[in-house]
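Quick notes on the structure that follows.
Laboratory data are not the source of any read-out in this text; all were calculated from the coordinates shown. For clarity, every value in this text was computed on a predicted model and none was experimentally measured. Positions of Cβ are generated from backbone atoms using ideal geometry, with glycine treated the same way; all protein chains shown enter the neighbour counts.
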Amino acid sequence: MHPSRNLMRHVHGWLLLTPAAILLVAFTHYPTIKTIIDSLFSKGTVIRPSRFVGLANYESMYADPIFWKVLYNNLWFALGTIPTSIILAISMALLVNRAMPGRSFVRMAYFTPTILPMIAVANIWLFFYSPDIGLIDQISSWFGISGHNWLGDPKTVLPAIIIMTVWKEAGFFMIFYLAALQHVPPELREAARLEGASRWYFFRRVLFPLLMPTTLFVLINAVLNSFKLVDHLFVLTKGGPDNASNLLLYYIFESAFSYFDTNYAATLTVVLLALLAIMALVQFFLLDRRIHYR
Amino acid sequence: MSVTTSKGWNFYDTLETVAAWVLALLWISPLLYAFWAAFHSGEYAIHFDIFAPLTLENFREALSQAPFLRYGLNTFILVTMLLSAQLVVGTLAAYAFARYRFFGSNVAFALVLMQLMITPEILIVENYGTLASLNLVDTIVGIGLPYMASAFGIFLLRQAFKSTPKELEEAARLEGCGMFGILMKVYVPLARPTYLAFGLVSISHHWNNFLWPLIITNSVETRPLTVGLGIFASPESGIDWSIISAATLLSVAPLLIAFLLFQRQFVQSFMYAGIK
């Protein structure tokens, strides 16, 4: 009786898992491995079929200035969006985590951009950034400043996209800080007040350290987002001008679906996978040990 | 000393309320501006005039230039189908992980969690190839298929199932419930908050998803709203800004209205899903 019941446990377990396992293997594990294999093969054409070329694709990637450009852009995009979003998210959470008139409206105002698709956000901001007729140029013309092509100038295109992304993301990160703040005992604030601590001192020495696990969690998510979020490029810039706003995932898309070089796209994807793997390790060793929410 | 700082705290309270409001108005203004543009004729998009006449012309124009209602239907079918599949697949897998210590379960769980990092949008190139060989390019099923097993859903449900008291399962077993009976009568009802949280997160994620649907669809019959909007508003289309605003509002309206009505549930779901 017992051995067969034991066997049934394994069978039942695997039967329950089967649908998920098939889908995950087909769309996560198999393509991951296939990506690595494809990156070792040349681009096939009608005349010359694809053949094993070892690391040749990686060599041409290393020599590809656009690759370094998009990687560099990704770095600046991350550095531009993440710290600002986090500072804003903490500020927003602190501002609405107390009794005040119109609190629910204020919270809604902060959070609403989060619920919109990036494509819609890009549409709205496209008009702000349009040269001359756009809202920003309209306002600056009142002060006698002449129009500027914000998205057409390689110097301003990335900052313009960064500002838009901060607007979209800050409210999302705010809710995690709000959740964390609700677990901070109110006595701490009272004690700091009685001790005569300044508000800034209280924040710096008490609140901010308590929010550290949340900050790490948000940080990891924000870094991941900075690599996965490229929707806005389709509407705003298509990666231009001259790749000044191009990001890694968008370049992968271009390589595969505009230049039809799936093997080079696979090579680029391997870099993205490696970056994600590093992030996963950081998360595993840094984050999981320090979060104790409930 | 302590009296003055205490006063300082009160003064700053007022200051903070003002700051909160200023920031809130600043934050909501791009959206209010899109509303303004959508409900006024083109010339008022730039020249702000509080007495400008309201109009629905932009919405009519947007609807006549692109089949947004069809796109909306496609999105609705996609989101509904996808969520149902995710819930069924996820419930079964989560139940296995929570209650069956089967051979290889730890390794299998680690492999499931891989999808939290390597989401399907990273693997667009290979997944396109797979769907082409399954003849599912340009179908709504094709948009949803790579997402139907959600590691995130499996993870959340496993947590919920694990916190279900074992005694309830024993009681149900004594009453003659089988494996599926126990799952449906004990575990699923008790995990309702988790289902709600995952459902809202999944719906808003896939309502807004763009890159993969863009790649895998190429006809009006399959395109979801985001892709339709992206094509409609691309810089080379040269369409009037007011009409683009109207189209944008049309595309986000269902989700935005749902969010405004069920704000608390949405925010709590996002919070809950992020923290777990």
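For the residues A:95, A:71, A:75, the requirement of being away from chain B (no Cβ under 12 Å), hydrophobic (A, V, I, L, M, F, W, C) and either closer than 21 Å to residue B:260 by Cα or without any contact (Cβ under 8 Å) to a residue 60 or more places away in the chain (or both) singles out A:75. Residue A:226 fulfils the conditions (1) within 12 Å of another protein chain (Cβ to nearest Cβ); (2) under 28 Å from residue A:120 (Cα atoms); (3) crowded, with 18+ Cβ neighbours inside 10 Å except for a single criterion, (1).
If I ask for residues that are free of Cβ contacts under 8 Å to residues at least 24 places away in the same chain, of a type outside the set (Gly, Ala, Ser) and facing another protein chain (nearest Cβ under 7 Å), which ones from segment B:264-275 would you list? Scanning segment B:264-275 gives B:267, B:271, B:275. Within segment A:107-155, being surrounded by fewer than 23 Cβ atoms within 10 Å (Cβ to Cβ) and in contact with a His (Cβ under 7 Å, 6 or more places away or on another chain) holds for A:131, A:137. The requirement of being crowded, with 16+ Cβ neighbours inside 10 Å, out of contact with any Ser or Thr (no Cβ under 7 Å at 6 or more places or on another chain) and away from every other protein chain (no Cβ under 13 Å) is fulfilled nowhere in segment A:29-39; no residue meets it.
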